[in-house]
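The values are calculated or read from the model by the stated rules, or taken from the named source; none is laboratory data. For clarity, every value in this text was computed on a predicted model and none was experimentally measured. Using ideal geometry, Cβ is built from the backbone for each residue, glycine included, and neighbour counts are taken over all protein chains shown. Heads up: the accessible areas ignore ligands, DNA and RNA and are worked out on the full protein's heavy atoms, side chains in. Shrake-Rupley method; radii C 1.70, N 1.55, O 1.52, S 1.80 Å.
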Amino acid sequence: MTINVLFSASRRDWNVYETELLKAFAAQGLSVDLRPTPRSAPRDDTPTHAPREVDYLICTPDGAMADFSPFHRTKAVLSLWAGVENIAPNPTLTQPLVRMVDPSMTEGMVEWVTGHVLRHHLGTDRHVLDQSGAWRPEAPPLARERPVTILGIGALGQACAEALQGLNFPVTGWSRSQKTIPGIDCYDGAQGLSMALQSAEILVLLLPLTSATENIINARRLAEMPKGAVILNPGRGALIDDADLLSALDSGQISHATLDVFRIEPLPSDHRYWSHPQVTVTPHIASETRAPSASRMVAENIRRSENGEPLLNLVNRDAGY
Ligand code: NDP
């Protein structure tokens, strides 16, 4: 039986994903009729599926698909993004929602986080930016002397925690549910957050954005961190209260923030983050879904669903991620 799959993302995404998805469906032995929405289609006359014919909907949760109620027979909505804060609360979405866990995206995030942790740990900027001729022979401490805390130790956070631990950093993690990860100090709950922040000389935010995590890094929490701590945020912009972070940077409580994600993206060119000397802005490039591996994840989930097996990476709608 042919499975009807509708693809709702940008035209550029369709160009990148069409071949990879078809390859991945074939590898899973699935017979799929894959079609784009008119917005994703390369031409006006590209055939699409009517919502009532769609078995699975693949989408980027960028708000372009706002009403899921006509998708009566759709068995799952498969997000190409890890962050689903723009789609999970949609009241018309009654179908199971699957978020993206892509091994290549994880790989990219580990590289971004490790690179920026090492930059701050080694004080690389001091030498890269100062070639004035002043000889200041101060060796950096060892990684084993630099505690790093990661808030959110899910698919991405745990991989980063393990990579940093592999470099000898003492790593603390914090999550909603209690976790045991060999070699990582794991905390949960409100008190656990204070414990996790107390030692955080470098703090990495890899939480999803939900009603429980919005503004989680605020004046109170920033004050719990060691003076001069560094923050890396590749999670979501609204995890941080921006005004509180700017005050903490101005007072020296936080010595540097490297921010990849923002409440408004692109970050407006007059935003203080651009001009603040202790802030590094990267334009939401920490990592991204890669079409070949992401297509394999999508195809595997459709195969599982067709075989009556539980879907992988199902979003808990109550928790919002
Ligand atoms: P996961 O769902 O796998 O992990 C989320 C982690 O956050 C889990 O450990 C979870 O706890 C924890 N968490 C969630 N809510 C709370 C809470 N209220 N209190 C404490 N801990 C909480 O997500 P991923 O690791 O795949 O992705 C994390 C985020 O990274 C995404 O949501 C997205 O926003 C961002 N991202 C950014 C990218 C970029 O390029 N900048 C690229 C990809 C993702 P528990 O383990 O108990 O469930």
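The single condition among (1) among the hydrophobic types (A, V, I, L, M, F, W, C); (2) under 21 Å from L151 (Cα atoms); (3) within 16 Å of the ligand (Cβ to nearest atom); (4) touching a helix residue (DSSP H, G or I) at 6+ places or on another chain (Cβ under 6 Å) that L222 does not meet is (3).
Out of region 93-103, which residues are surrounded by fewer than 19 Cβ atoms within 10 Å (Cβ to Cβ) and within 14 Å of the ligand (Cβ to nearest atom)? Matches in region 93-103: V101, P103.
Of all residues in region 162-185, how many are more than 25 Å from G228 (Cβ to Cβ) and either more than 22 Å from the chain's Cα centre (by Cα) or not small (G, A, S) (or both)? Outline the logic, then answer.
First pass over region 162-185, keeping only residues more than 25 Å from G228 (Cβ to Cβ): 162, 166, 175-183.
Then drop every residue that is not either more than 22 Å from the chain's Cα centre (by Cα) or not small (G, A, S) (or both), which leaves 162, 176, 178-183.
Here the count works out to 8.
Among the residues of region 150-184, those that are open to solvent by 40 Å² or more (accessible area, probe 1.4 Å), closer than 21 Å to H116 by Cα and more than 6 Å from the ligand (Cβ to nearest atom) comprise Q158, E162, Q165, G166, L167, N168, P170. Need pairs with beta-carbon distance below 7 Å; first residue farther than 21 Å from G29 by Cβ and within region 295-321, second in a loop (DSSP other than H, G, I, E, B) and more than 15 Å from the ligand (Cβ to nearest atom); sequence gap 6+ or separate chains. Partner pairs satisfying both residue conditions: L314/P96. A Cβ distance below 9 Å, combined with a sequence gap of six or more or placement on separate chains, defines the contacts here; from region 138-158, residues that are of a type in the set (K, R) reach residues that are within 16 Å of the ligand (Cβ to nearest atom) and open to solvent by less than 20 Å² (accessible area, probe 1.4 Å) in the pairs R146/V117.
Only residues that are open to solvent by less than 40 Å² (accessible area, probe 1.4 Å) and either charged (D, E, K, R) or within 13 Å of the ligand (Cβ to nearest atom) (or both) were counted in region 268-296, giving 6. For region 297-321, a residue qualifies if it is in a helix (DSSP H, G or I) and either more than 16 Å from the ligand (Cβ to nearest atom) or in contact with a Lys or Arg (Cβ under 8 Å, 6 or more places away or on another chain) (or both), and the qualifying residues are A299, E300, I302, R303, R304, S305, E306.
Within region 135-149, restricting attention to residues that are farther than 23 Å from L239 by Cβ and not charged (D, E, K, R), which residue is farthest from the ligand (Cβ to nearest atom)? Once the filter is applied, the top-ranked residue is W135. Any residue in region 85-92 that is within 14 Å of the ligand (Cβ to nearest atom), touching a strand residue (DSSP E or B) at 6+ places or on another chain (Cβ under 9 Å) and open to solvent by 20 Å² or more (accessible area, probe 1.4 Å)? Among the residues of region 85-92, not one is within 14 Å of the ligand (Cβ to nearest atom), touching a strand residue (DSSP E or B) at 6+ places or on another chain (Cβ under 9 Å) and open to solvent by 20 Å² or more (accessible area, probe 1.4 Å), which makes the answer no. Taking (1) without any contact (Cβ under 8 Å) to a residue 40 or more places away in the chain; (2) within 16 Å of the ligand (Cβ to nearest atom) in turn, A248 satisfies each apart from (2).
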